[in-house]
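Here's the structure we're looking at; comments come further down.
The values are calculated or read from the model by the stated rules, or taken from the named source; none is laboratory data. All of these numbers come straight from a predicted model, not from anything done at the bench. All Cβ positions, even for glycine, are placed from backbone atoms using ideal geometry, and neighbour counts span all protein chains on display. For accessibility, only protein heavy atoms count, side chains too; no ligands or nucleic acids. Shrake-Rupley method; radii C 1.70, N 1.55, O 1.52, S 1.80 Å.
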Amino acid sequence: MRESDIHINRVDWVTVLLYFALVMIGWFNIYAAVYDGQAEKSIFDFSINSGMQLVWIFTAIVLITVIMVADHRLFENLSIIIYLIFIGILIVTPFFGKEVNGQTLSIGFGSFRIQPGEFAKFATALALAKIMERPTFDLSKTKNQLVAFGVLMLPVLLILLQPDTGTAMVYFSFLIMFYREGLPQRYYILGLGFIALSLLSLGIKENIYIVFGITALVIFLILLGKKSWQRIVAFSLIGLGAIAYSYSIDFVVSKLPEHQQNRIMVLFNPDLDPLGVGWNVTQSKIAIGSGGLWGKGYLQGTQTKFDFVPEQHTDFIFCTLGEEFGWIGSLVVILLFLALLYRLVVMAERQKTRFSRIYGYSVISILLFHFMINIAMTIGLFPVVGIPLPFFSYGGSSLWSFTVLLFIFIKLDSSRAQQLGRIN
């Protein structure tokens with residue numbers, strides 16, 4: 001049997017079918033998001049977003065074909081070069097890119113434009129997989145941690161210069177992959193503590209309560225273990241640092257751009273300005289809530305049809321689903337995403353090389369982060385940060401980047417029998 005036939009037989013068709021199911025459901029919802037009740041505009045009309053999305057879908061299929069016929073070794077051999085190419089594009093984007101609403105996110109010629117920050121995700125995943133594949137690369141060692149975080153933080157810093165905080169945040173999803181590859185748990189405990197302290201400091205206006213809470217926690221931790229001077233001093237310094245940070249959080253937030261400050265404040269007080277900064281989230285929650293159990297029916301959503309929710313075909317596409325297909329429709333799509341993520345975990349664990357496994361968990365990390373944050377954003381559990389729903393939201397850069405990200409892994413998985421790499 002030819003090698004190409006072996007690869008075809010080993011393609012995980014369940015994952016491929018889940019991908020196309022999500023893409024097609026997303027396409028129908030994009031049409032619903034721009035439908036205004038005028039039946040003369042077909043879903044295939046290239047003058048509206050659903051028609052253009054169909055073009056992106058067909059071109060995505062071309063990308064899939066190219067990836068699947070390529071030699072699987074190509075992605076590993078060129079991983080660092082691909083990473084450096086996109087780093088170079090990110091460097092020049094602020095100078096030659098197109099500025100929209102104070103952000104320079106896209107670059108290209110004429111009407112053809114891409115967002116380098118989206119494509120740099122898979123490039124970073126490839127580079128990290130290549131660097132971390134060595135058997136001697138141990139994330140418990142400080143030197144290796146600095147290398148891995150250096151590769152991760154370079155595109156983050158360049159994207160923040162655009163500035164695009166939402167896309168930059170996505171790169172921290174690689175911490176999920178780092179955990180699988182052995183990054184010490186203490187970093188995650190400190191990180192979760194930092195996030196919890198930030199939320200409490202923003203939500204509780206009387207800092208004295210936070211001081212009492214931190215003091216009590218420090219005393220409990222000191223009494224819990226062996227009482228040594230080193231332990232007492234260490235926990236006392238951590239407690240003092242936490243208290244100092246809780247008092248500085250308001251100052252830190254005040255230095256953020258005004259629109260980011262507003263999004264954070266709306267998260268803690270949804271009724272702060274329902275006709276202004278809170279409009280998007282308020283209308284999104286109304287749309288989802290009005291769908292009830294079964295929804296109002298396809299193309300029957302009133303919040304959708306009358307454009308109450310801005311950016312409904314991109315970042316807020318999930319509320320279209322909730323209004324027209326209700327709780328049941330939303331549950332079906334969530335289950336499809338969870339099935340895809342579960343399938344990817346199974347695929348990652350069966351890889352024969354560390355490179356493929358690391359890349360697989362990078363794919364899982366990125367998709368999980370987008371999925372969780374986008375839905376949390378539309379129901380008011382997370383600030384609006386402009387993160388698309390994978391395979392659902394309108395846009396060529398979004399669909400292409402997620403497609404390339406996913407199908408490189410599908411290709412690596414289909415070729416695992418021919419991989420002679422190391423098993424960890």
Out of the stretch 36-60, which residues are among the β-branched types (V, I, T) and loosely packed, with under 13 Cβ neighbours inside 10 Å?
V55
Answer residue from the stretch 310-345, given it is in a loop (DSSP other than H, G, I, E, B) and open to solvent by less than 40 Å² (accessible area, probe 1.4 Å) and is modelled with the lowest pLDDT among those
Q312
Give all pairs with beta carbons closer than 9 Å in which a residue from the stretch 219-237 that is surrounded by 10 or more Cβ atoms within 10 Å (Cβ to Cβ) meets a residue that is assigned to a loop (DSSP other than H, G, I, E, B); count only pairs at least 6 apart in sequence or on separate chains.
R231/G225
Can you confirm whether the stretch 398-419 contains a residue that is in contact (Cβ under 8 Å) with a residue 40 or more places away in the chain, open to solvent by less than 20 Å² (accessible area, probe 1.4 Å), part of a helix (DSSP H, G or I) and more than 24 Å from V69 (Cα to Cα)?
no
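Looking at G51, G88, G26, which one is under 24 Å from F371 (Cβ atoms) and modelled with pLDDT of 85 or more?
Details: G51 fails: under 24 Å from F371 (Cβ atoms); G88 fails: under 24 Å from F371 (Cβ atoms).
Testing whether each residue is under 24 Å from F371 (Cβ atoms) and modelled with pLDDT of 85 or more leaves just G26.
Among the residues of the stretch 314-356, how many are within 13 Å of L412 (Cα to Cα) and within 19 Å of the chain's Cα centre (by Cα)?
Filtering the stretch 314-356 down to residues within 13 Å of L412 (Cα to Cα) leaves 344, 347-356.
Those left that are additionally within 19 Å of the chain's Cα centre (by Cα): 344, 348.
The total comes to 2.
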Which pairs have Cβ atoms under 8 Å, sit 6 or more apart or on different chains, and link a residue in the stretch 164-183 that is closer than 19 Å to S140 by Cα to one that is of a type in the set (G, A, S) and not in a helix (DSSP H, G or I)?
G182/S140; L183/S140
Report yes if L199 is within 17 Å of I87 (Cα to Cα), part of a helix (DSSP H, G or I), among the aliphatic types (A, V, I, L, M) and open to solvent by 20 Å² or more (accessible area, probe 1.4 Å), otherwise no.
no
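Give the number of residues within the stretch 346-397 that are at negative phi and in a loop (DSSP other than H, G, I, E, B). Spell out the reasoning first.
From the stretch 346-397, those at negative phi are 346-379, 381-385, 387-390, 392-394, 396-397; that's our starting set.
Pick out the ones that are also in a loop (DSSP other than H, G, I, E, B) and you get 350-353, 379, 381-385, 387-390, 392-394.
Count: 17.
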